[in-house]
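The values are calculated or read from the model by the stated rules, or taken from the named source; none is laboratory data. For clarity, every value in this text was computed on a predicted model and none was experimentally measured. Using ideal geometry, Cβ is built from the backbone for each residue, glycine included, and neighbour counts are taken over all protein chains shown. Remember, those area values only see protein heavy atoms, side chains included, never the ligands or the DNA or RNA. Shrake-Rupley method; radii C 1.70, N 1.55, O 1.52, S 1.80 Å.
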Amino acid sequence: GEPEKYPVKPPKKVKPQQHGNAFWIERGDAVLLVTRPGTGLLGGMRALPDDGWTARSDGSGLADTASWEHAGTVRHVFTHCALDLAVWHRTAAAGEQLDGEWWPIDRLDEAGLPTLYAKAAQRVLAD
């Protein structure tokens, strides 16, 4: 009797809210990038180092905030979850050994970062 009411869309499922941290580490004119694990969200892609957040769990956090500066938080929505990613930055200590590749900051747009990490990089570079 009331065709304008059909079809009825089911309510959208609430996405889990996750929290994580990303780390911008500079050395000279370069930033440290890593390759994410091959499986899971953004699998095998270049990224800023992070604390191990996933679609199913929060990251492990940041144990020592004394040497880090908080650049802000970026929000991103995936098909599986929503993520609030706190972005921290610092300069690498002289002689500090870190796993990853040093990418020139002025060529960061060539690194192929996924949108989430590109937004995190923009947060740091905006300061």
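A few notes on this one:
- Cα long-axis angle, helix 115-126 against the chain (0 to 90 degrees, to the nearest 10): 50
- Mean projected area of the convex hull spanned by the Cα atoms of segment 57-97, taken over all viewing directions: 4.1 nm².
- The share of accessible area on the chain that comes from carbon and sulfur is 52 percent, using a 1.4 angstrom probe.
- Volume of the Cα convex hull of segment 71-122, divided per residue and given in Å³: 110
- Across the chain, counting alpha-carbon atoms alone, Rg and Dmax equal 18.1, 76 Å.
- Extension gain (nm, one decimal) between Phe78 and Thr65, 0.36 nm per residue minus Cα-Cα: 1.9 nm
- Backbone N within segment 36-72 under 20 Å of label point (7 Å from Ala126 Cα along the Cβ vector): 48-49, 69-72
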